[in-house]
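The values are calculated or read from the model by the stated rules, or taken from the named source; none is laboratory data. Remember, it's a predicted structure, so these values are computed and weren't measured experimentally. A quick note on method: Cβ atoms are made from the backbone with ideal geometry, for glycine too, and the neighbour counts reach across all protein chains shown. Protein only, heavy atoms only, side chains kept; ligands, DNA and RNA dropped before computing areas. Shrake-Rupley method; radii C 1.70, N 1.55, O 1.52, S 1.80 Å.
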Amino acid sequence: MPVALRDLAARWFGPWVHEVDADSWRADLIAGLLGAVLVLPQGIAFAALVGVPPAMGLATAVLPCAVAALAGSSRYMVSGPSNATALALGAMLLPLAAGDLTRLVTLTIVVTLLVGLMQLALAFARLGTLANFISPSVMLGFTTGAAWLIGWYALAAMLGAAGRETPIHQLQQQGLQWPALAVGGLTLGLVLIVRKMGGQRLAMPLALAAGGLLGAWLEHQGHGALRLGTPPSAAPHWQLPGLDLALLPQLLPMALALTIIALGQAMTLAKLLATRTGEPLDANRECRGQGLANVVGALTGCFVACGSLNRSMPNIEAGARTPLAGVAAALWLLLLVAIASPLLAWIPLPGVGALLLLTASSLMDLPTWRRTWQRDRREAGIALATMLATLVLRLEMAVLAGVMLSLVAYLYRSARPAMRTMGFDSQRPGRPFVMLEQVGARGLPECPQLKLLRMEGSVWFGAVPHVADQLRQWRKHPEPQRHLLVMSKSMNFIDLAAADLWDDERAQRRAMGGDLYFHRPRPSVLATWEATGFVERLGADHLFADKRSAIAAIVPKLDPAICAGCSVRLFEECGERPGAPLAPMI
């Protein structure tokens, strides 16, 4: 490829273009073949979750996969159909479709288009980093709730149910269908056995093949058809989605929830891959890639695509070198389906249910639940609430409720910035500066006239009541410390409400005969104070670059009468105050 053309391609697709050579092509083709083998049964299984024909699941692994690979930021992430988005899509749209498959397909394509447009809007507004604000606890709760729902419907499929019936409904209507249970049980058992023998990558295709053989034999014995029936196709077909504008108000919240789910999954996976490989991650570019993939997918008969963990990690392990491995996976899938299409018609539906049951078990991330519970009970509560909401509410409402709960919890925490009382530990060598609340420092004396306070966190309008209450409590103490030195280098941000708070504190301190001082305020905080005139009212000589100069300037301003009767003598400068012991005469 000419250098000028290669440079142009690198600007469009990324610097990896300069690394493409014969060796990288060979590695990417091999990795792509593995990706195609993995996604073939998954595409069919996830289409069953949505309730649409298997061809839509396979098509979602073709053009969306290639577009996301070329247009995204992560060179190793493989996009396409995924378990959680498929479940959410089906759960949201099946009630609207009311049993009409054609209507369900149309709604699926429309929602996929809306998701892609929302993702593109975020990318072009350079708001792709908003995906970082989707709490891991929300995603943990949603995926766990989705796992229970997937397992519930998968069990019904293993019992011979059609569509998204529940196991109880299946048993009530048709009783136990032992042929379906036998096929599903064989498929499930073989996957587990082959995986235990080290055949992780080929377990699903081999097990489906065995389940298909058993299903064909049972059908020959007169036990009914347990297979897909119609040979599926992975070839994209261009079409413009029709839209009933009356449904748009119902579809927009669903699309928003799916955008949150899909971007949350994709960004979490992209960050995981970036951490593992050391590659840079551009959140806006990745958001654009996912959006383009879904827009193209909607125009070619696909459902919502996003990054897939169970295909991206094998992609790395198989030796993928560039995003062309994703393109190769799409092309290999087209070839495999074209060659094996008659055989794919014999894929057993109970076997697909068995694969979904395995998918559900893989989503049960018990180690993460355990870590979350041990480290932060509040985050564990958010995850648990999201999981329960996923089980009992409409999925779009569950996702939005989880996100809102996570934001409320964050706002509550940020509205209570830490206010640490500081002091010197005269009992230890070097008199270290310590937090008086910490274990081992409790009971250490404070200067009766000067309060040393370290602010940790931003002070904004939501935090003003908490900070004001604490400051008021200190001022209303029977014997208050009239002077306050605030160590503010960890006070990252203030707004106008916070600027008014500190101005009021200045007035209150001076009214009680004391004063207010600050140590190392951040430039952004100082700029706000200067803009509001606070620095002029406070006095520039009340701002200090270090603690030593601050204490040296403040101690001489303390009430000498109180100093005369003080036995604390916390500061070195106290030796020059009234009541200090005389130096021994030599």
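The value obtained for region 3-70, namely the Cα convex hull volume divided by the number of residues, is 88 Å³ per residue.
Taking all protein chains into account, the per residue accessible area for region 276-356 stands at 32 Å² (1.4 Å probe).
Across region 35-160, Cα-Cα pairs more than 25 Å apart make up 30 percent of the total. Taking other residues whose beta carbon is less than 11 angstrom from the beta carbon of Leu273, and scoring Lys, Arg as +1 and Asp, Glu as -1, yields +1. Dipole magnitude for region 15-137: about 280 debye, using +1 per Lys or Arg Cβ and -1 per Asp or Glu Cβ, origin at the Cα centre.
Using Cβ point charges alone (K and R +1, D and E -1), the dipole size of the chain about the Cα centre works out to roughly 940 debye. Annotation for Leu245 and Met197: the two label points, set 7 Å from Cα along the Cα-Cβ direction, are 6.1 nm apart. In the context of the full protein assembly, Lys271 retains an accessible surface of approximately 90 Å², using a probe radius of 1.4 Å and ignoring ligands and nucleic acids.
What size of dipole, in debye to the nearest 20, comes out for region 334-402 about its Cα centre when the only charges are +1 on Lys and Arg C-beta atoms and -1 on Asp and Glu C-beta atoms?
Numbers: 6 positive and 4 negative charges, 55 e Å.
The calculated dipole for region 334-402 is roughly 260 debye.
Expressed in nm², what is the orientationally averaged projection area of the convex hull enclosing the Cα positions of region 215-284? Can you show the working numbers first?
Details: hull surface 41.3 nm².
Projected over every direction and averaged, the Cα hull of region 215-284 covers 10.3 nm².
If you bin all the Cα-Cα distances of region 184-321 at 5 Å, starting from zero, the percentages per bin are 2, 8, 11, 13, 13, 15, 15, 12, 8, 3, 1, 0.
What shape does the chain have by the C-alpha gyration tensor, where a ≥ b ≥ c are the square roots of the eigenvalues, rounded means a/c under 1.5, and otherwise prolate means a/b greater than b/c and oblate the rest?
Values: a/c = 2.76, a/b = 2.42, b/c = 1.14.
It comes out prolate by the Cα gyration axes.
Using C-alpha pairs under 8 Å with a sequence gap of at least 6, the mean separation divided by the residue count of region 217-350 gives a relative contact order of 48 percent. Place a point 7 Å from the Cα of Val408 along the Cα-to-Cβ direction; which residues of region 233-257 have their backbone N under 19 Å from it? Flagged as within label range: 257. Full extension of the segment from His477 to Trp238, taken as 0.36 nm per residue of separation minus the current Cα-Cα distance, would add 78.5 nm.
If you wrap region 272-373 in the convex hull of its Cα atoms and look at it from every side, the mean projected area works out to 9.3 nm². DSSP beta bridges fully contained in the chain are about 45 percent antiparallel. Extension gain, Leu272 to Val392, is 40.2 nm, computed as 0.36 nm per intervening residue step minus the present C-alpha separation. Dipole of region 352-396 computed with +1 at Lys/Arg Cβ and -1 at Asp/Glu Cβ about the Cα centre; of Gly381, Ser361, Leu393, farthest Cα towards the positive end is Gly381.
R0 = 22 Å: FRET efficiency of Arg431 with Lys489, Cβ-based, nearest 0.05? Efficiency computed from Cβ-Cβ geometry: 0.60. Kirkwood hydrodynamic radius of region 325-391 from all distinct Cα pairs, in Å? Value: 15.7 Å, from the Cα pair sum. Label-to-label distance for Trp25 and Asp500 is 6.8 nm, based on points extended 7 Å past Cα in the beta-carbon direction.
Please work out how much length the chain gains when fully extended from Ala345 to Glu279, using 0.36 nm per residue of separation minus the C-alpha to C-alpha distance, in nm with one decimal. List each step's numbers first, then the result.
On the way: separation 66, 0.36 × 66 = 23.76 nm, distance 4.09 nm.
Contour length minus the Cα-Cα distance gives 19.7 nm.
Computed with the Debye formula from one identical point scatterer per Cα of region 461-539, without solvent, the log10 of I(q)/I(0) at q = 0.11, 0.24, 0.27 Å⁻¹ comes to -0.27, -1.29, -1.53.
Think of the chain as a dipole: +1 on every Lys or Arg Cβ, -1 on every Asp or Glu Cβ, centred on the Cα centre; then among Trp152, Leu181, His477, His477 lies furthest on the positive end.
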